[in-house]
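Below you'll find the structure, written out as structure tokens, and then a few comments.
Each value in this text was obtained by applying a stated rule to the coordinates, not by laboratory testing. Since this is a predicted model, take the numbers as computed values, not measurements. All Cβ positions, even for glycine, are placed from backbone atoms using ideal geometry, and neighbour counts span all protein chains on display.
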Amino acid sequence: MHHFFSRRQSWLLMIVVLMSLSACGFKLRGPMSFPFHSIYIAIPDASPLGGDLRRQIRSNGTTKVMSSAEGAQVIMDVLLESKEKQILSLNSQGRVREYILLYNFSFRLRNAEGKEYLEPVKMQLRRTITFNESVVLAKESEEAALYRDMQNDLVQQVMRRLSVVKMDD
């Protein structure tokens, strides 16, 4: 009985830590300004990362997020957005002990004529997650929380890249 209680306590602590991690990554540290006045983000509306990116840019107030490429000063082409889960290690019975979660994202920034302001930028975030068959549902929610955390990190990294773009026209 005592062993179960300490495991439960550590599980609750881990949930609290994960929640605080995902909470702190979401907000920008003060508004960022961009060297362009309007942007079209070519990423499907169904992409949660695209939605977060549009919201973050709009929240800065000075740059307009366009609903089409027409009339946008710059266009962000999303070249890749993918999530992967790879086996990292096995236990002595040959069952999965740890996975590595990968979030890949690649984009470029150009104008309507095709002039590039940012050559393709490749980003990859990774997190390690242990696996335990007896708590599959808890592990699935932990995995989802880790992907949300990585998404928040990616949005922040993209925002920083966009804020330092050199425009010459």
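Here are some notes:
- Cα centroid of the range 98-154 to Cα centroid of the range 48-91, whole Å: 12 Å
- Value of relative contact order over the range 31-163, rounded to a whole percent, pairs C-alpha under 8 Å and six or more apart: 22 percent
- Counting neighbouring beta carbons within 10 Å and listing from fewest to most, the residues Val65, Val164 come out as Val164, Val65.
- Its relative contact order, with pairs defined as Cα atoms under 8 Å and 6+ residues apart, puts the range 37-102 at 32 percent.
- Using the Karplus relation 6.51 cos²θ - 1.76 cosθ + 1.60 with θ = phi - 60°, the per-residue 3J(HN,Hα) values for the range 86-96 come to 10, 6, 9, 7, 10, 8, 5, 8, x, 8, 5 Hz, with x marking Gly and Pro.
- Applying the Karplus relation 6.51 cos²θ - 1.76 cosθ + 1.60 with θ = phi - 60° to the range 116-122 yields 3J(HN,Hα) values of 8, 9, 9, 5, x, 9, 10 Hz, where x marks Gly and Pro.
- Two-site FRET efficiency, Arg95 against Val165, from Cβ-Cβ distance with R₀ of 41 Å, rounded to 0.05: 0.30
- The range 82-114: GluC sites (Glu not before Pro) in DSSP loop, at most 13 other beta carbons within 10 Å: Glu113
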